[in-house]
Amino acid sequence: MSDQIIAADQLRLHLEAVERLEDEKKGISDDIKDRYALAKGEGFDIKTMRAIVRLRRMEKHHRDEAEALLETYKQALGLD
């Protein structure tokens, strides 16, 4: 086999793997949307839920830093 054929086969395998992963990602994205819709139907605020999800993903010191900076900006703009 020539290097060109091997490279084409490898490329095809990578592309097929990426396509499968994209399909899985779409399915997961749809599941997340469904979950938020269910929560909204139960009276929860989706924007706030998304903010909480972002905060929970952060390490504590990054979350503390972000919250302190937000508070500083709010005070500077007279939003308190």
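The values are calculated or read from the model by the stated rules, or taken from the named source; none is laboratory data. Note that the structure is predicted; figures quoted are calculated from it, not measured. Neighbour counts are summed over all protein chains in view; Cβ atoms, including those assigned to glycine, are modelled from backbone coordinates with ideal geometry.
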Failed item, numbered, when D30 is tested on (1) surrounded by 10 or more Cβ atoms within 10 Å (Cβ to Cβ); (2) more than 18 Å from the chain's Cα centre (by Cα):
(2)
Taking first residues from the range 36-57 that are farther than 16 Å from L70 by Cβ and second residues anywhere that are of a type in the set (G, A, S) and at pLDDT 95 or above, the pairs with Cβ under 7 Å that are 6 or more apart or on different chains are I46/A39; M49/A39
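Each row is one residue, and each column tells you yes or no for (1) part of a helix (DSSP H, G or I); (2) among the charged types (D, E, K, R).
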position	(1), (2)
A17	yes, no
K26	yes, yes
S29	yes, no
K33	yes, yes
Y36	yes, no
F44	no, no
R50	yes, yes
R56	yes, yes
E65	yes, yes
